[in-house]
Amino acid sequence: MNPNSAPSYREAGVDLEVADRLVERLKPLAAQTRTAGVESGLGAFGGFFSFPEPGGSRLLISSIDGVGTKMKVARLTGQWASAGYDIVAHCVDDVLVHGGRPLFFLDYIGTSRLELAIAEALVAGMCEACREAGCALLGGETAEMPGVYLEGEVDLVGCIVGTVERAHLISGDRVKEGDVILGLASGGLHTNGYSLARRILIDEGPGIEAPIPGTDLRVGGALAARHRMYLPAVRDRLEEPELHAMAHITGGGIPGNLARVIPEGLCAQVRRGAWEVPPLFRMIQDLGKVAAEEMYRVFNMGIGWILVLDEEAAGGWRDALQAGGWGGVEIGQIVAGAERVTMVDPVSGDA
C-alpha cells in the first residue's frame, strides 16, 4: 500500500468504480437479449422473468455470485464448510430482497487440483444452507484447471432461482417520506471487503491468530464467520403491506446497496452511530488507518440487512426482530431529497 495515503479497496486490488462502469457498459448489451418474459435490467439484486407466460402472476427471480477472496481465509483456517454455507446464504439474500423465495441452487467449484475433502466440505456447507432455506441443490460443476487457477487456490460461485408472486413483489416503489429504516446485525464481513481486510490484518498485520480487541475471537475465526441468511427473520412477513423495501448490504456498503431500492426524489438518511460497529471493523479501520468513508463504502460495518418500513409498524417489527436475535435497530428514516442515500452524523445531522 502507498505509505503516504490511507489504505483503500482500490490499493488492495479491487476498484468499485470500474465495476460500476462495467455494469453501465453491459446494460445495452444485455438489453439486446431481452425476450418477452424479461422484467428487469441489470443493477437490481436479482433478475426477474415472468413465468410461464409474459405478464403472468408469478415471477422467477435469479441471482449469481461468488465468495471471492474469502476463499483464501477458508484455506488458512480450514473452514471450508462455512464457505459453502456463505455462497448459498448470499444468493438467498439477494433474491429475498425482492420477496423471492428460493427454489433451487447450482454451484461451481474451480481449482487447480481437485482436493476431495475440500470439495466435500464445501458441498456439505451448501447443503446445510439449502436445507435451512428450503431450497434444493439441483446440480453443479467442478472444474479442475491447472495453469488457470494458481496452485492451492479454490473458487466458489453459486446461482439461485426463486419465485415471487407479482402482487407481492417488493421493489421499493412503496417507499415514502417518513418511513423508518431498520438495520439487522451482520455476522461479520460476510463475503465482501476481504482483499482489503486480509491485507491489513494478515498480509501486513498481526496474522490470523491475533486476538480481536474486546472479544474472545481471533482474526482467523472472525474473518471466517458465516454470511448470515436473513430468510428466517422475514420469511413469514414478506407479504405484509408495511414492508416497503429491503436491501442486502454487500459490496458498496450501505450507501451503494440501499440506494438500489430508494425511488427518485427520496433519500434514505442513515445515522452513523445509531448502532455499535463490531470490534472487527474497528480493528481494520484502526490498524489500517482507513478513512471512515472508505470503511462504509467497502464493508457492511455490522449491518447486513436493511428493512424500510411504514412508520406506524416499525416499532412492532423492531421488537420482534430483537426478540429473535436479529438485532433490529432503527438507523434512519426516509426524507425528501435528491441523493438516494446519505450517511449523517447522529448528533449534528451533518453528512
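The values are calculated or read from the model by the stated rules, or taken from the named source; none is laboratory data. Model, not experiment: these values are computed from the prediction. Note that each Cβ is placed from the backbone with ideal geometry, even for glycine, and that neighbours are counted across all protein chains shown.
Points worth noting:
- The one condition from (1) touching a Ser or Thr at 6+ places or on another chain (Cβ under 7 Å); (2) over 18 Å from M229 (Cβ atoms); (3) free of Cβ contacts under 8 Å to residues at least 60 places away in the same chain that R198 does not meet is (3).
- Flag if E276 is touching a helix residue (DSSP H, G or I) at 6+ places or on another chain (Cβ under 6 Å), closer than 21 Å to A323 by Cα and in the same structural domain as G316 (by TED's automatic domain parsing): no
- Here the range 267-284 is the region considered, the condition is being surrounded by fewer than 21 Cβ atoms within 10 Å (Cβ to Cβ) and out of contact with any Ser or Thr (no Cβ under 9 Å at 6 or more places or on another chain), and the residue that is nearest to E204 (Cα to Cα) is R282.
- In the condition set (1) closer than 26 Å to M301 by Cβ; (2) more than 19 Å from the chain's Cα centre (by Cα); (3) in a loop (DSSP other than H, G, I, E, B), H190 is compliant with all but (2).
- Just one of the numbered conditions (1) more than 20 Å from the chain's Cα centre (by Cα); (2) assigned to a loop (DSSP other than H, G, I, E, B) is not true of E312: (2).
- Index of the failed condition, G251 passing every other in (1) surrounded by 19 or more Cβ atoms within 10 Å (Cβ to Cβ); (2) modelled with pLDDT of 95 or more: (2)
- Helices (runs of 4 or more DSSP H) (entirely within the range 226-308) containing at least 2 residues that are β-branched (V, I, T) and within 14 Å of V341 (Cβ to Cβ): none
- If the condition is being within 17 Å of N300 (Cα to Cα) and among the hydrophobic types (A, V, I, L, M, F, W, C), then the range 167-187 contributes I181, L182, L184, A185.
- Here the helices (runs of 4 or more DSSP H) wholly within the range 56-152 that include at least 1 residues being without any contact (Cβ under 8 Å) to a residue 40 or more places away in the chain are 116-133.
- Screening G152 with (1) modelled with pLDDT of 95 or more; (2) small (G, A, S); (3) not assigned by TED's automatic domain parsing to the domain that holds D319 gives one miss only, at (1).
- If you check L223, L201, L238 for being more than 20 Å from G302 (Cβ to Cβ), surrounded by 16 or more Cβ atoms within 10 Å (Cβ to Cβ) and among the aliphatic types (A, V, I, L, M), only one passes: L238.
- Unique match (being surrounded by fewer than 20 Cβ atoms within 10 Å (Cβ to Cβ) and small (G, A, S)) among G302, G316: G316
- Meets criteria (outside any helix (DSSP H, G or I) and modelled with pLDDT of 95 or more) for V175: yes
- In the range 204-220, the residues that are surrounded by 14 or more Cβ atoms within 10 Å (Cβ to Cβ) and either small (G, A, S) or not assigned by TED's automatic domain parsing to the domain that holds G288 (or both): G205, A210, G220
- Residue that is out of contact with any Cys (no Cβ under 8 Å at 6 or more places or on another chain), within 13 Å of V180 (Cα to Cα) and not basic (K, R), where the choices are E264, E242: E242
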